[in-house]
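Below: one structure, written as structure tokens.
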Amino acid sequence: MTENQIELRGVRRSYERGGERLDVLQGLDLTMATGSFHALMGPSGSGKTTLLNLIGGLDQPDAGEVFVCGEDLARLSNQELAQWRADHVGFVFQGFNLLPVLTARENVELPLQLTPLSRADRRAQAERALELVGLTERMTHKPSELSGGQEQRVAIARAIAMDPDLILADEPTGDLDRAAAEQVLELLGQLNRELGKTILMVTHDPAAAEHASHVVHLDKGRLESITKNPERVRSEA
Amino acid sequence: MLRLVLRNLLAHKTRSALTMCSMAFAVCLMCILQASLIGLESAVTNAAVNRLWIQSAVSLFVPLPMSYEAKIESVAGVEHACKFQWFGGIYQDESNFFAQFGIDPDSFQDCYPELEIVEGSYEAFAQNRRGCIIGEGLAEKYGFALGDTVPIIGTIFPRTGGGAWEFVVEAIYRPRTTAMDRVTMYFDFAYLEEALRAGDSRGAQGVGVFLAKLDDDADPTEAMGAIDGFFENGPQRVQTTTEAEFGRQFLSMLGNVPAMLAAVGGAVLFAIFFAVLNTMLAAGRERMRAVGILKAMGFRNGFVFSTLLVESLVLCTAGAAIGLGISIGLEGGLQSAFAGMIQSFEISSQVALGSLVIAIVIGTVAGIAPGRSAARVSTIQALRTQA
Ligand SMILES: Nc1ncnc2c1ncn2[C@@H]1O[C@H](COP(=O)(O)OP(=O)(O)OP(=O)(O)O)[C@@H](O)[C@H]1O
Ligand SMILES: [Mg+2]
């Protein structure tokens, strides 16, 4: 594995909207070391989700290079990208994450259907992931029967069920109160420290960013600054 | 995947149930229409080739002289001839419709090898002037039993003193094929004729239709020509038709009913298709966010396509199965309700299979539309839709 989990070089992405061109990312460079925990901050509409989509292989840049987990994403076909995502990336999306018709355990089991695991193994693995996020008690609950914080923790359990190298979390604490947010952030920190997951988390909350090893500011299509959080930098210790 | 599909269906119980109900209703209706059409046509398709029907060349309503019976029998190839007089009487109430015919007891049985006597005896019928022989369908529907007197009010042949004709049930028959129905009353033409002559009844003398049963080795086309030719120079010209043709004439008297039934069935199917499509499009729309999540996790386009397709198929086939069950449950009741009009009403396996196939086709087409848009939508676009 390369030392850098993520390497973006000169990435551009613009959207056509009503005949008007909106340059969201304008030649952006970013390097993230394996095992680091980056918080991505920036005003609304600055392109944070767009950036996450590019890194997660959900979208292609207009220009520039995207290397993630040792792979040049531009070289992969759509089919290969789908497989690559299943193998390497766990997503926590902005907003609703879970399929409302499935229970917590079934939601976590869902991506495991893409593996050759047996039904029993899938179930066991989903239960381990839920145990890790502290929701063993809530396995058979539907999302509508969970609190916002519990929902996000189930989403995190689902993201780690496939044992990905990289977790991309888009405002995982956006809708949560302080205590619930703290729990989710602790959990992400733990995944980073104990399981060595590389994490990129979008947040608006400076207190949340405190949990990361690096804080990246995105504004006007570029990365404004990267600040290190010395007490959280694990790899350089 | 099946679990996800079922959960999705259960998430909207009312909507799923309503769509399933409309499918069930459509399939039920379709089965009934289809069975009716097949029943109506079965008389034609199962018609005997060695029976010819002879009527006046002028019209079905102009009677032929009685002496024609012997003349027809003398034509080469004709084994037996039998009078067939439409009586058109009413049993108790006009809604109790069934056909009555005056026939010759001594040739009728030979003309109809399909006739199987299940109760009483043909001989008893032949010996009793006022006797009659009835289909088992009538015995079931009206509870007629051997020895019962059945009063029939004449319409074409009203009794001069008022009151009803009285026929005594001497035998009950069951047809061996659908060329013959099971709900007709046959009585001795001589009884009618004597009454007409004695002035006990009004109405025209003569015979509406003759039936000619051919020798087994006779050529029907030749015999038809021979009979028509025999009466070429009068006193009355006749028109001879095959039994199939005669049955078709009867069907055409129903006008466009069969075509209308088919059109109604088609229209219902069309409406149901849109109902299912509407349900599935709504399902596809509200499933957008989930589609985005699934695709982001690495599920292929084909998978999200199939979830919607299978959902539509489950909805339609389950509805169809319910509808089929209902129509099979109704089969017995409808059989007797349609007894006077449709000879053999049966939800055959062919009809059942046909409606299932149609349900599957509807399910497939209605599932493809939202399935395709789910497969085509880009992952980020799908994720941008908020639940
Ligand atoms: N598919 C799209 N088509 C057109 N415009 C888009 C599309 N996706 C994003 N945009 C626009 O690009 C800009 C950046 O969007 P993006 O979602 O990346 O912002 P963000 O930083 O995640 O914002 P927020 O904090 O509100 O989530 C916004 O102005 C948005 O309206
Ligand atoms: Mg965003």
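What to note about this one:
Residues checked against (1) outside the structural domain of B:PRO151 (by TED's automatic domain parsing); (2) modelled with pLDDT of 85 or more:
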{"site": "B:TRP53", "(1), (2)": "yes, yes"}
{"site": "B:LYS71", "(1), (2)": "no, no"}
{"site": "B:CYS82", "(1), (2)": "no, yes"}
{"site": "B:TRP86", "(1), (2)": "no, yes"}
{"site": "B:GLY89", "(1), (2)": "no, yes"}
{"site": "B:ALA99", "(1), (2)": "no, yes"}
{"site": "B:ASP106", "(1), (2)": "no, yes"}
{"site": "B:GLU114", "(1), (2)": "no, no"}
{"site": "B:ILE117", "(1), (2)": "no, yes"}
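- Only one of the listed residues (B:ALA57, B:ALA76) is in contact with a Lys or Arg (Cβ under 7 Å, 6 or more places away or on another chain) and surrounded by fewer than 17 Cβ atoms within 10 Å (Cβ to Cβ). That residue is B:ALA57.
- Within the range A:177-210, being within 16 Å of ligand 2 (Cβ to nearest atom) and more than 14 Å from every other protein chain (Cβ to nearest Cβ) holds for A:LEU200, A:MET201, A:THR203, A:HIS204, A:ASP205, A:ALA208, A:ALA209.
- Some residue of the range A:170-186 being more than 16 Å from ligand 1 (Cβ to nearest atom), in contact with a Leu (Cβ under 7 Å, 6 or more places away or on another chain) and at pLDDT 95 or above: no
- Qualifying strands (runs of 3 or more DSSP E) (wholly inside the range A:1-60; at least 2 residues being within 9 Å of ligand 1 (Cβ to nearest atom) and surrounded by fewer than 23 Cβ atoms within 10 Å (Cβ to Cβ)): A:4-17, A:20-33
- Once the range B:60-93 is narrowed to residues that are part of a helix (DSSP H, G or I) and within 33 Å of the chain's Cα centre (by Cα), the residue that is farthest from B:ILE153 (Cα to Cα) is B:ILE72.
- Filtering the range A:83-132 to residues that are farther than 16 Å from A:GLN152 by Cβ, surrounded by 22 or more Cβ atoms within 10 Å (Cβ to Cβ) and more than 13 Å from chain B (Cβ to nearest Cβ) leaves only A:ALA126.
- Test: residue in the range A:152-174 that is over 15 Å from the mean Cα position of the chain (by Cα) and either at negative phi or surrounded by fewer than 13 Cβ atoms within 10 Å (Cβ to Cβ) (or both): no
- Total residues in the range B:196-211 satisfying the condition of being more than 28 Å from B:SER74 (Cα to Cα), touching a residue at least 12 places away in the same chain (Cβ under 8 Å) and not in a loop (DSSP other than H, G, I, E, B): the figure is 1.
- Test: residue in the range A:190-198 that is within 18 Å of A:ASN97 (Cα to Cα) and surrounded by 22 or more Cβ atoms within 10 Å (Cβ to Cβ): no
- When residues of the range B:146-180 are limited to those that are touching a helix residue (DSSP H, G or I) at 6+ places or on another chain (Cβ under 7 Å) and in a loop (DSSP other than H, G, I, E, B), the one modelled with the highest pLDDT: B:PHE157
- Unique residue being closer than 23 Å to B:LEU4 by Cβ and more than 14 Å from chain B (Cβ to nearest Cβ) when the list is A:ARG158, A:ARG153: A:ARG153
- Residues in the range B:161-173 include none that are acidic (Asp, Glu) and farther than 30 Å from B:TYR68 by Cβ.
- Subset of the range A:82-108 [more than 16 Å from ligand 1 (Cβ to nearest atom), farther than 19 Å from A:LEU130 by Cα and not basic (Lys, Arg)]: A:ALA82, A:GLN83, A:TRP84, A:ASP87, A:HIS88
- Evaluating A:LYS142 against the criteria (1) on the phi > 0 side of the Ramachandran plot; (2) touching a Pro at 6+ places or on another chain (Cβ under 9 Å) leaves one unmet condition, (1).
- The range B:276-290, residues that are surrounded by 15 or more Cβ atoms within 10 Å (Cβ to Cβ) and of a type in the set (S, T, N, Q): B:THR279
- Of all residues in the range A:72-82, those satisfying the criterion of being more than 9 Å from chain B (Cβ to nearest Cβ) and assigned to a helix (DSSP H, G or I) are A:LEU73, A:ALA74, A:ARG75, A:GLU80.
- Residue match in the range B:310-333 (condition: within 14 Å of chain A (Cβ to nearest Cβ), within 30 Å of A:PRO164 (Cα to Cα), touching a residue at least 60 places away in the same chain (Cβ under 8 Å) and touching a Leu at 6+ places or on another chain (Cβ under 8 Å)): no
The values are calculated or read from the model by the stated rules, or taken from the named source; none is laboratory data. Here the structure is a predicted model, which is why all the values come from computation and not from measurement. Cβ coordinates were reconstructed from backbone atoms using ideal geometry, including for glycine residues, and neighbour counts include every protein chain displayed.
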